[in-house]
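Below: the structure, in structure tokens.
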């Protein structure tokens, strides 16, 4: 087995970095969706949601940086063009959403996709003995599951 400079199987880290690039692309779309709903939200829930969406996009922006830096740590290059992001993304694109329920539903649907990708990466990271990626995915999953629960509570829906 050939290992890289951090002691991980080189073949497995290339695959993980590719998966992380997919996650990065999806997070960039999610981030942009959050910016859009933050800017365009209207209605009686404006003040609360405007603030919440800002909190979420600030967090998503930090996660984008963490993912890109992890890809670099694994010895690969992070995607960095909108063309790459849109080609690789599974997260739904929200356009001109100003209604509160549609905005919150977009977040829930996006997080469902992100969680699926992250769980797949978590499994592969465990197999590769990649604790750095594993830890990152565990942290992301825990936070996002809580956000889904909160958004579903706001929608008055069961998780």
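Laid out as a table, the results:
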quantity: Between 0 and 90°, nearest 10: helix 10-40 axis offset from the chain longest Cα axis; calculated: 10 degrees
quantity: Label-to-label distance, nm, for residues given as residue 139 and residue 42 (7 Å Cα→Cβ offset); calculated: 3.9 nm
quantity: Label-point gap, in nm, between residue 54 and residue 3 - each point 7 angstrom along Cα→Cβ; calculated: 4.7 nm
quantity: The chain, relative contact order [Cα under 8 Å, separation at least 6], %; calculated: 28 percent
quantity: Order of 150, 137, 1 under a 10 Å beta carbon neighbour criterion, fewest first; calculated: 1, 150, 137
quantity: CD proxy at 222 nm, helix term only [per DSSP H run n ≥ 4: -39500 (n - 2.57); per residue of the chain; nearest 500]; calculated: -26000 deg cm²/dmol
quantity: More than 18 angstrom apart: percent of Cα pairs within the chain; calculated: 59 percent
quantity: Against the rule of thumb 2.2 N^0.38 Å, how large the Cα Rg of region 73-159 comes out; calculated: 1.27
quantity: Between helix 46-73 and the chain: long-axis angle, C-alpha atoms, 0 to 90°, nearest 10; calculated: 10 degrees
quantity: Residue-span extension gain [residue 150 to residue 129] - 0.36 nm each, minus C-alpha spacing; calculated: 4.3 nm
quantity: Equivalent ellipsoid semi-axes, region 1-56, via Cα gyration tensor eigenvalues times 5, rooted, Å; calculated: 40, 10, 6
quantity: On Cα atoms only, tilt of 100-127 relative to the major axis of the chain in degrees; calculated: 10 degrees
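Values in this text are rule-based calculations from the coordinates and carry no lab data. None of the values given here were measured: they were computed from a predicted structure. Backbone-built Cβ (ideal geometry, glycine too); neighbour counts: all protein chains shown.
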